[in-house]
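Only one structure is covered here, and it is reproduced in the block below.
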Amino acid sequence: MALNHIIMQSDNCDPDRPAHPGIFPTSEAGKSGHKPAERSVDFPVSVVLPAGGTGERTGLLTPKQFCSFLGRPLISYTVQAFERVSWIQNIVVVVAKESMDLMTDIIQHYQHRKVRVVPGGSTRHRSICNGVMALGGEGEGEAAAADRPKVVIIHDAVRPFVEEDFLYKIAMAAKEQGAAGAIRPLVSTVIATTVEGYLDHSLERAKYRASEMPQGFTYDVIYQAYQKCTESDFEFGTECLHLALQYCGTNAKLIQGPPTLWKVTYKRDLAAAESIIKDTLSQSACIVTGRSAQAVTLADALQKAVGALNMELEVIPDLMGENASYLLKEWNFIQVSVNCSSLSEVEALLRDLEAENRALLHPVVVIWVYLGCQDEPSIRGSRVEPSGIIELASAAKLQNLLLYGIQLHHSKDTECWERSVLKVAEITSALIRDRSPALVGQLLQA
């Protein structure tokens, strides 16, 4: 498809489109495959995030990239989306000079890694150019050249829901073709008007596509494009793919992107982004069984039951070895215990979460599911009083960890057991979805 058959735009295709696509494809939320396949990228890839806009269209005093929802700035979500990709080496965030200190504080507060902040320019292209130059290292010698990435991905700081699979496609296509970019179908017909405000003509929508982000380039292509482009390009241009074609003769590979590439442009988009995150934080959990066969049986039953509630459970025996990675990527944990003294298992899980010292941008939910027998005395008469979980939950809450308890009794009656498991699944789903502070430390009965 020729470049002139793309509608080049830096805004949402349709301001009245549905608020969000309904998914948040990051490592900290629900995923269709839950464990994405490892991608092998054997060349250095870096990212430039232009974030110097004023956000006039949001109608807010704060630029949209720094607007907060769920207690965290929008740009922090975008940075994390790239940080979670192991094969991305460096992230350059380009901000207005007056926002340098603010962005530096965000990086430190939310413990972002691989991130460098550089001052932007007066226009979008000048800012992107500054980011590209920052990736080139100092000077023109061999040492500087060795530091340069093979591929540079350019992405809007206010498009937080970018998927690793799609970044991989962009990076590989850019390496092979020199440039690659995301496109999406047009959702509205594009028309031209006369100076008097009447319809002149319309474009055949099927022939055109909307240009989106991310876009990828080999470093040499994007560097040369900016070296050769004119002051007019710097001042009025917005499309990087056009510069690569015009000044380097590089015809970009165009790849249809997922619906999640939409851009936060208007105030209502912030609410939509918040809705996505809230919804998807409740879509998955990690259930830890220990070595008990009874716990494994319950976990398997819960795994099936929550499937009907649009939730996925990953069942693991412990958080040792490779399983320790769940401590960094999951936001919901269920610890199954088969005796009341095993509240110590929950204490260990909480210690492990605290030891990771992760920037807890959202509360982590930990649910202790205690499996007892029907002829066992009430938990009030057992070794663990409800006060035990209350005290533990109070301390954990200071670390942004929300601890809840659920008790159920194992029944030999199949129908009764299935009802109990379903009730545990429903309670678990509700606790994870609502993250209610009022129920923290409560021992609920299933």
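The values are calculated or read from the model by the stated rules, or taken from the named source; none is laboratory data. The shown structure was predicted, so the numbers you read here are calculated from the model rather than taken from an experiment. Here the Cβ is made from the backbone with ideal geometry for all residues, glycine too, and neighbour counts use every protein chain on show. SASA here: full protein model, heavy atoms, side chains in, ligands and nucleic acids out. Shrake-Rupley method; radii C 1.70, N 1.55, O 1.52, S 1.80 Å.
Quick notes on this one:
- Filtering region 388-421 to residues that are in contact with a helix residue (DSSP H, G or I) (Cβ under 6 Å, 6 or more places away or on another chain) and open to solvent by 80 Å² or more (accessible area, probe 1.4 Å) leaves only 399.
- Qualifying helices (runs of 4 or more DSSP H) (wholly inside region 125-241; at least 1 residues being hydroxyl-bearing (Ser, Thr, Tyr)): 164-177, 219-228, 231-236
- Of the residues making up region 278-300, those that are under 30 Å from the mean Cα position of the chain (by Cα) and not polar (S, T, N, Q) are 278, 279, 281, 285, 286, 287, 288, 290, 299, 300.
- Options 290, 307, 257; residue that is open to solvent by less than 10 Å² (accessible area, probe 1.4 Å) and of a type in the set (Gly, Ala, Ser): 257
- Residue within region 170-185 that is open to solvent by 80 Å² or more (accessible area, probe 1.4 Å), in contact with a Ser or Thr (Cβ under 9 Å, 6 or more places away or on another chain) and over 16 Å from residue 241 (Cα atoms) present: no
- Of all residues in region 69-80 being open to solvent by less than 10 Å² (accessible area, probe 1.4 Å) and among the polar types (S, T, N, Q), the one that is farthest from residue 44 (Cα to Cα): 76
- Scanning region 113-149 for residues that are open to solvent by less than 60 Å² (accessible area, probe 1.4 Å) and either β-branched (Val, Ile, Thr) or modelled with pLDDT under 90 (or both) yields 115, 117, 118, 123, 128, 132, 136, 137, 139, 141, 144, 145.
- Taking the criterion of being open to solvent by 60 Å² or more (accessible area, probe 1.4 Å) and of a type in the set (Gly, Ala, Ser), the only residue of region 437-446 that qualifies is 438.
- Residue that is modelled with pLDDT of 90 or more and not small (Gly, Ala, Ser), where the choices are 239, 274: 239
- When region 229-252 is limited to residues that are of a type in the set (Val, Ile, Thr) and over 27 Å from the mean Cα position of the chain (by Cα), the one that is surrounded by the fewest Cβ atoms within 10 Å (Cβ to Cβ) turns out to be 230.
- Considering residues of region 81-92 that are at pLDDT 90 or above and among the polar types (S, T, N, Q) only, the residue least open to solvent (accessible area, probe 1.4 Å): 90
- When the residues of region 107-124 are filtered to those that are in a loop (DSSP other than H, G, I, E, B) and among the polar types (S, T, N, Q), the one that is nearest to residue 74 (Cα to Cα) is 111.
- One residue from 312, 274 being more than 30 Å from residue 410 (Cα to Cα) and open to solvent by 40 Å² or more (accessible area, probe 1.4 Å): 274
- Screening the candidates 3, 74 for the property of being touching a His at 6+ places or on another chain (Cβ under 9 Å), of a type in the set (A, V, I, L, M) and at pLDDT below 95 yields one hit, 3.
- Condition met for residue 335 (in contact with an Asp or Glu (Cβ under 8 Å, 6 or more places away or on another chain) and at pLDDT 85 or above): yes
- Unique residue being closer than 18 Å to residue 208 by Cα and touching a residue at least 24 places away in the same chain (Cβ under 8 Å) when the list is 235, 274, 239: 239
- Looking across region 423-436, the residues that are touching a residue at least 60 places away in the same chain (Cβ under 8 Å), open to solvent by less than 80 Å² (accessible area, probe 1.4 Å) and part of a helix (DSSP H, G or I) come down to 424, 425, 428, 429, 431, 432.
- Residue in region 220-228 that is small (Gly, Ala, Ser), open to solvent by 20 Å² or more (accessible area, probe 1.4 Å) and in contact with a Leu (Cβ under 9 Å, 6 or more places away or on another chain) present: no
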